[in-house]
Amino acid sequence: MKLLEGKTAVITGAARGIGSAIALKYASEGANIAVTDLVINEVAEALIKDLEAMGVKAKAYVSDASKYGQTEEVVKQIMEDFGQIDILVNNAGITKDTLLMRMSEDQWDAVITVNLKSVFNFTKAVQPVMLKQRSGSIINMSSVVGVSGNAGQSNYSASKAGMIGFTKSISKEVGSRGIRCNAIAPGFIETEMTAKLPEDVKKVWVQQIPLRRGGSPEDVANTALFLASDLSSYVTGQVVHVCGGMNT
Ligand code: NAD
């Protein structure tokens, strides 16, 4: 029996990168997949075809996770299409890095709204479904810099730290109803988000990693599988660092 047989997962910002790797990992363990993203392009359409080829049901939805109204609508549509939601991965995220002295109000607001408010939006919209089912696993994609802080990322670090506080609070609110809520704190993971960093900055990052390499999206997906499945049935309110041992 596969680890997620018969389950349905909603993964935000899953058209590429870490979200897309999680979708493939979950599908390989039998889960049906609802992908949401700002834009569903040919890459996302190819992902859906790959997921279907693995024998699961998969659908992509255009939805801005930072907008509560759109989130309510898309969750309603996903329930009509799939009939259940067992796993929610709040993965959508952006960076707008700069030192605070140069940071505009727009750069602050955009990162907090997309990274943190989106977690409120999706968790609130999905929670009634999970409460009714009396089961569910919510996984919030935080970051090591939400724990350690990072110069030039005060907006991003604040949003990721906020996700950790949210995760711990929700785990306490809904644990008695069979719903678990955990966070993953990835370190330096090689995706389009980190591809835009200059080579010399990347080299410095890698020097700080005891395992001496950036992580892959699959490294994060493996932890997301553990947290979604019954393998972690006694784990809630936790932050799992997937960072090659980077100091936090
Ligand atoms: P990515 O940029 O490759 O993918 C992010 C996805 O989120 C994109 O498909 C994008 O379109 C989508 N998205 C952005 N804004 C959205 C919105 N408003 N609504 C819906 N979708 C939206 O990034 P990634 O590296 O795959 O990162 C995924 C998550 O992991 C993010 O939350 C990121 O902060 C976190 N993370 C990444 C790293 C890393 O090193 N790559 C490290 C720590 C944490």
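The values are calculated or read from the model by the stated rules, or taken from the named source; none is laboratory data. Please read all numbers here as calculations on a predicted model, not as lab measurements. Heads up, the Cβs are rebuilt from the backbone with ideal geometry, glycines too, and the neighbour counts pull from every protein chain shown. Side chains are part of the model used for accessible areas, which takes the heavy atoms of the whole protein and leaves out ligands, DNA and RNA. Shrake-Rupley method; radii C 1.70, N 1.55, O 1.52, S 1.80 Å.
How large is the accessible surface per residue of the chain, computed with a 1.4 Å probe and reported in Å² as a whole number?
Working: 11590 Å² over 248 residues.
On a per-residue basis, 47 Å².
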For Val89, residues with placed amide H under 5 Å, excluding near neighbours:
Val10, Ile11, Thr12, Ile139
Explain nothing, just the number: dipole magnitude of the chain about its Cα centre with +1 on each Lys and Arg Cβ and -1 on each Asp and Glu Cβ, in debye rounded to the nearest 20.
680 debye
Of the listed pairs Lys67/Lys168; Lys7/Lys59; Lys160/Lys202; Lys168/Lys203, those with alpha carbons more than 25 Å apart are Lys168/Lys203
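At a 1.4 Å probe radius, carbon and sulfur cover how many percent of the accessible area of the chain? Display every interim value, and only then the final one.
Numbers: 6090 of 11590 Å².
Carbon plus sulfur share of accessible area: 53 percent.
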To the nearest 20 debye, what charge dipole does the stretch 1-113 have about its Cα centre, counting +1 at the Cβ of each Lys and Arg and -1 at the Cβ of each Asp and Glu?
280 debye
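Using a 10 Å cut-off on Cβ atoms, rank the peptides 200-206, 240-246 from the highest mean neighbour count down. Write out the running numbers ahead of the final one.
Details: 200-206: 11.9, 240-246: 19.3.
For the peptides 200-206, 240-246, the packing ranking is 240-246, 200-206.
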